[in-house]
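Trainee: So that we are looking at the same thing, I have put the structure below in structure tokens.
The values are calculated or read from the model by the stated rules, or taken from the named source; none is laboratory data. Just so it is clear, the model here is predicted, and its values are computed rather than measured. Cβ atoms come from the backbone with ideal geometry, glycine included; neighbour counts cover every protein chain shown.
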Amino acid sequence: MDFSHKAIEKKWQKIWKEKEVYKTTYNHDKKAYVLDMFPYPSGSGLHVGHVKGYTATDIFARFRRMQGYDVLHPIGWDAFGLPAEQYALSTGNDPREFTLKNIDTFRTQLQKMGFGYDFNKEVNTAHPGFYKTTQWIFQQLYKQGLAELRNVEVNWSQDLGTVLANDEVEIKDGKMVSERGGYPVVKKTMKQWVLKITTYAEKLLSGLDALDWPQSVKELQKNWIGKSEGVEIFFHTENGIELKVFTTRPDTIYGATYLVLAPEHPTVQSITTKEHLAEVEAYIEQAKQKTEIDRKDESKTKTGIFTGAYAVNPISKTKIPVWIADYVLNDYGSGAIMAVPAHDPRDWDFATKFNLEIKFVLEAKDQSKAFVGETKHINSDILNGLDRKQAIEKIIEKIEVEKLGTKKINYKLRDWLFSRQRFYGEPFPIYYTEDGNIGLIDLEDLPVTLPQTSYIKPSGTGESPLANVQEWVNLTVDGKNVKRETNTMPQSAGSSWYYLAYILTDQPNQLIDLESNEAKERFAKWMPVDLYIGGQEHAVGHLLYARFWNHVLYDLNLLNTPEPFQKLYNQGMILGPDGRKMSKSWGNVISPDDVLQSHGADALRLYEMFMGPLDASLPWSYDGLDAALKWLNRAFRLVNKTTFSTTNNHELDFIYNDVVKKVTTMVEELKLNTAISQLMVLVNAFYKYEPSTIYQPYIEGFIKMLSLFAPHVAEEMWAMLDKQTVLVQESWPSFDQSKLIEKTITIAFQVNGKLRGTKEVEIDLDNQTLIEFAKADENVAKFIENKIIVKEVVIPNKIVNIVVK
Ligand code: ANZ
């Protein structure tokens, strides 16, 4: 008889809940913090893509529980965010109610999947009980000088009425658009809160080394941080104005034939000569219209303009013109460069376009384009004949001794733009006095909650909708009239520390103080996260921001570890049956609700884990899903109304122990598809025997292993063996290594080096016996008949070769 997924899923989910089997335990020394990237509770509910990552962590958490670890396996909601706010705007609803409704749907769906989360530890970033601590952390950052108000060039979306962080902006058809919604984005200068993540650039870079993360994600973070070691060299214009240039190639300084400043460079106004002023100003206006991506694009034709000024090369003492051009960015290095057209392709393009001098200072056969290889220096006075490394060393020494510049490290990483002109986010826990000073809201007045208002439309002027709520904005502090900040924090605020919030809760959204001693003890128990599974799309944004906050909290002595996520794994996507990314617009979205109805949670879980390697992106297949359910029933029928043997006839010793051993390592390494294959091998082996002859402990071990993947069916099978326990509270099966020694081997029989037969024999047989076996082989006999045996060569456990004439 097959199982009824509807009946057993309901039954076991109820029992698990009553027995609180997934509650976080504190009984063991060994611990495992198994974390999912928490979902944004969108209106469309759980996606089969979510199911893939969450099944993998569920399997791993069950595995660790059965291995006797204390396990923390929580879930929560990344609940603030634009979609809820956009929805609220278009329907006149409150984003809070809408979000709570979605959360209920998500929670129910997760429970129906049989995921073993500790729901007592649920958190919601938009809950005041949660964001009180987000605000508190912001205040710590402010006190550390890591949060400041700054005039910055921002990505502004008129349609969304807000600024966006760089990782919230994409390029489509060469234009900047918002990642969510695809709305146009332009550059604009605004006064905004920024978090100085750049202060932590070095720690964020070196911290990567010890992490067990995919190499690709480490590379992405490394490139995003973009460390560059070079020198800042001081040039001076003829009338004594200093121009600092950043270069990684000080050794090419004899080839520097002109200087270029970014159009926004602060000294442009003071160096430009009268005759060139009008042109220069027009060019500056023109550059404003361009995006950073455009300016960096090396395929675009270079533009620029001469300022009329000249500077002196501090090493070669030659006089060179000073230009402005938008291929030099103002916010990198010093916003100014020495151009070496002979050896830098960007400078080459510029110099050829504007007919500027090109001087080769490295040996190059082909002088029709910039030479970027490594050869000896020429035309370089003291550097002549040196290679790159020697020349760099020598010139830096000279520059430092003669105080012509200093060594400098630059990072591509930019500070984190932290203001949003939106309603639905964390309010800032600060106020402004009438004379423009900033004050922190008192601890006892936290959280600063969002006001109840139906007027949440962005003004479009750059002011946040909260500015409309006068009774919220104005308050008195120490008898003085002050105003609240009306911007809110970005969505990535809550997700930068939510993994700590789980540790601080015992009931949803009720957090103990992060700076309490109790918190310290809990962090010491649980941090760092042992396994973090989520999508590759968070490689730089979320994962870098969370690492930054964690480092800061560590430096404040609040945490036991600088790095939050010891092991990271990116699960692949589940594509539609058409092989395209699932999307409403393609109409290829599979709903887990439908699959839960038709095939049940266990089949869905098993199918998604069996599709292929966990990190591969693979298309959905209903055949695969059917096959998963079919196999589960085959496994189920093994125990259905059967009694097994209490004595071991040893027939299954090898295969059982081999499978346990392999599944144990495969789950450890998240090779879950191959672990399932092993279980299939074991089921096939069981079916070769009369059930009553199968040793019962082997069946029990199988059910335990199955319970990781298909927990409901496994519980049902366990109960059929008259067990009173639930499987998560059972221990993981062990294997007997002594049963794993190979007892037989296949020997090849050759005549004159040609393969003529094989035989399965006991291992370590003596040579004479092996030769006899070979001669007894029918085919071998045919080839040595009537021939003279010259030699018999035996390679023990492998080959018998009979040489004949
Ligand atoms: C002279 C030179 C000669 C350069 C040569 C390169 C090759 P990374 O690795 O990206 O740090 N540069 C410096 N500041 C810049 C800015 N604000 N905008 C655009 N380009 C800038 O590269 C550093 C190099 O990029 C610097 O070294 C400078 O060009 C340029 F054969 O100086 B180099």
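Trainee: Under 9 Å between Cβ atoms, which residue pairs at least 6 apart in sequence (or on different chains) link something in the range 250-277 that is in a loop (DSSP other than H, G, I, E, B) and modelled with pLDDT under 95 with a partner that is of a type in the set (K, R) and surrounded by fewer than 17 Cβ atoms within 10 Å (Cβ to Cβ)?
Mentor: E264/K288
Trainee: Here is a follow-up. Going by the structure shown, is T267 β-branched (V, I, T) and touching a strand residue (DSSP E or B) at 6+ places or on another chain (Cβ under 6 Å)?
Mentor: no
Trainee: Where the second residue is assigned to a helix (DSSP H, G or I) and of a type outside the set (F, W, Y) and the first is under 23 Å from W526 (Cα atoms) and lies in the range 12-26, which pairs have Cβ atoms under 6 Å and are six or more apart or on separate chains?
Mentor: Pairs found: V21/V728.
Trainee: Also, I was wondering about something else. Which of the following residues is of a type in the set (S, T, Y) and part of a strand (DSSP E or B): Y33, Y40?
Mentor: Y33
Trainee: If you go through the range 679-693 one residue at a time, do you hit one that is aliphatic (A, V, I, L, M), in contact with a Ser or Thr (Cβ under 9 Å, 6 or more places away or on another chain) and at pLDDT 95 or above?
Mentor: The answer is no; no qualifying residue exists.
Trainee: Among the residues of the range 199-215, what is the count of those that are surrounded by 18 or more Cβ atoms within 10 Å (Cβ to Cβ) and over 16 Å from the mean Cα position of the chain (by Cα)?
Mentor: Of the residues in that region, 2 qualify.
Trainee: Can you pull out the residues in the range 780-805 that are without any contact (Cβ under 8 Å) to a residue 24 or more places away in the chain, surrounded by 12 or more Cβ atoms within 10 Å (Cβ to Cβ) and over 12 Å from G753 (Cα atoms)?
Mentor: Once the filter is applied, which keeps residues that are without any contact (Cβ under 8 Å) to a residue 24 or more places away in the chain, surrounded by 12 or more Cβ atoms within 10 Å (Cβ to Cβ) and over 12 Å from G753 (Cα atoms), the range 780-805 yields A781, K787, I789, I795.
Trainee: Taking S734 as meeting all but one of (1) surrounded by 18 or more Cβ atoms within 10 Å (Cβ to Cβ); (2) outside any helix (DSSP H, G or I); (3) touching a residue at least 60 places away in the same chain (Cβ under 8 Å); (4) not β-branched (V, I, T), write down the number of the exception.
Mentor: Going through the list (1) surrounded by 18 or more Cβ atoms within 10 Å (Cβ to Cβ); (2) outside any helix (DSSP H, G or I); (3) touching a residue at least 60 places away in the same chain (Cβ under 8 Å); (4) not β-branched (V, I, T), S734 breaks only (1).
Trainee: Could you please tell me which pairs satisfy a Cβ distance under 6 Å, a separation of 6+ or placement on different chains, a first residue in the range 316-334 that is of a type in the set (K, R), and a second residue that is more than 9 Å from the ligand (Cβ to nearest atom)?
Mentor: Pairs found: K319/Y310; K319/V312.
Trainee: From the list H265, H276, which one is away from the ligand (no atom under 16 Å from the Cβ) and on the phi < 0 side of the Ramachandran plot?
Mentor: Result of the check over H265, H276: H276.
Trainee: Out of curiosity, is F371 of a type in the set (F, W, Y) and not in a helix (DSSP H, G or I)?
Mentor: Answer is yes for this residue.
Trainee: Need at least 1 residues that are farther than 30 Å from K227 by Cα per element, so show me which strands (runs of 3 or more DSSP E) inside the range 402-483 make the cut, counting only ones lying wholly within it. Working first, answer last.
Mentor: On the way: elements: 405-411, 430-433, 438-440, 474-477.
So the answer is 430-433, 438-440, 474-477.
Trainee: Pairs needed: first member in the range 544-561, closer than 11 Å to L204 by Cβ; second member anywhere, β-branched (V, I, T) and crowded, with 22+ Cβ neighbours inside 10 Å; C-beta distance under 6 Å; at least 6 residues apart or different chains.
Mentor: Listed pairs, sorted by first residue: F548/I197.
Trainee: Hey, another quick one. Which of (1) away from the ligand (no atom under 14 Å from the Cβ); (2) assigned to a strand (DSSP E or B); (3) in contact (Cβ under 8 Å) with a residue 40 or more places away in the chain does G308 not meet, given it meets every other one?
Mentor: (3) is the only condition that G308 fails.
Trainee: Determine whether T257 is within 10 Å of the ligand (Cβ to nearest atom), more than 23 Å from W156 (Cα to Cα) and in contact with a strand residue (DSSP E or B) (Cβ under 8 Å, 6 or more places away or on another chain).
Mentor: Against the criterion (within 10 Å of the ligand (Cβ to nearest atom), more than 23 Å from W156 (Cα to Cα) and in contact with a strand residue (DSSP E or B) (Cβ under 8 Å, 6 or more places away or on another chain)), T257 does not qualify.
Trainee: When the residues of the range 220-241 are narrowed to those that are away from the ligand (no atom under 16 Å from the Cβ) and either among the acidic types (D, E) or part of a strand (DSSP E or B) (or both), which ends up farthest from K408 (Cα to Cα)?
Mentor: Going through the qualifying residues, I end up with E238.
Trainee: Take the conditions under 17 Å from S157 (Cα atoms), in contact (Cβ under 8 Å) with a residue 60 or more places away in the chain and of a type in the set (V, I, T) and apply them to T461. Does it pass?
Mentor: no
Trainee: Determine if the range 552-570 includes at least one residue that is within 25 Å of H50 (Cβ to Cβ), surrounded by fewer than 19 Cβ atoms within 10 Å (Cβ to Cβ) and not aliphatic (A, V, I, L, M). Can you show your working first?
Mentor: Applying the first criterion (within 25 Å of H50 (Cβ to Cβ)) to the range 552-570 yields 564-570.
Restricting the remaining residues to those that are surrounded by fewer than 19 Cβ atoms within 10 Å (Cβ to Cβ) gives 566-567.
Then drop every residue that is not not aliphatic (A, V, I, L, M), which leaves 566-567.
Yes - at least one qualifying residue is present in the range 552-570.
Trainee: Follow-up question, since we're still on this one. Show the residue pairs meeting these rules: Cβ distance below 8 Å; 6+ apart or different chains; first residue within the range 646-660 and in contact (Cβ under 8 Å) with a residue 12 or more places away in the chain and closer than 14 Å to N684 by Cα; second residue in a helix (DSSP H, G or I) and among the small types (G, A, S).
Mentor: That search, which allows pairs on different chains as well, returns L652/A685; I655/A685; Y656/A685; Y656/G701.
Trainee: When the residues of the range 327-359 are narrowed to those that are away from the ligand (no atom under 11 Å from the Cβ) and either part of a loop (DSSP other than H, G, I, E, B) or at pLDDT below 95 (or both), which ends up nearest to D251 (Cα to Cα)?
Mentor: Only one residue tops the list, namely K359.
Trainee: While we're looking at this one, here's another question. In the range 49-58, is there at least one residue being part of a helix (DSSP H, G or I), out of contact with any strand residue (DSSP E or B) (no Cβ under 9 Å at 6 or more places or on another chain) and under 26 Å from L500 (Cβ atoms)? First the steps, then the outcome.
Mentor: We begin by selecting, within the range 49-58, every residue part of a helix (DSSP H, G or I); these are 49-58.
Next, only the ones that are out of contact with any strand residue (DSSP E or B) (no Cβ under 9 Å at 6 or more places or on another chain) stay: 55.
Pick out the ones that are also under 26 Å from L500 (Cβ atoms) and you get 55.
Yes.
Trainee: Has the range 695-703 got any residue that is surrounded by fewer than 19 Cβ atoms within 10 Å (Cβ to Cβ) and hydroxyl-bearing (S, T, Y)?
Mentor: No, because not a single residue in the range 695-703 is surrounded by fewer than 19 Cβ atoms within 10 Å (Cβ to Cβ) and hydroxyl-bearing (S, T, Y).
Trainee: Confirm whether I395 is over 22 Å from H236 (Cα atoms), at pLDDT 95 or above, over 40 Å from the mean Cα position of the chain (by Cα) and hydrophobic (A, V, I, L, M, F, W, C). Don't jump to the end; show me each part of the working.
Mentor: Details: over 22 Å from H236 (Cα atoms): no; at pLDDT 95 or above: yes; over 40 Å from the mean Cα position of the chain (by Cα): yes; hydrophobic (A, V, I, L, M, F, W, C): yes.
The answer is no for I395.
Trainee: Got a number for residues in the range 755-805 being among the hydrophobic types (A, V, I, L, M, F, W, C) and in a strand (DSSP E or B)?
Mentor: Counting residues in the range 755-805 that are among the hydrophobic types (A, V, I, L, M, F, W, C) and in a strand (DSSP E or B) gives 12.
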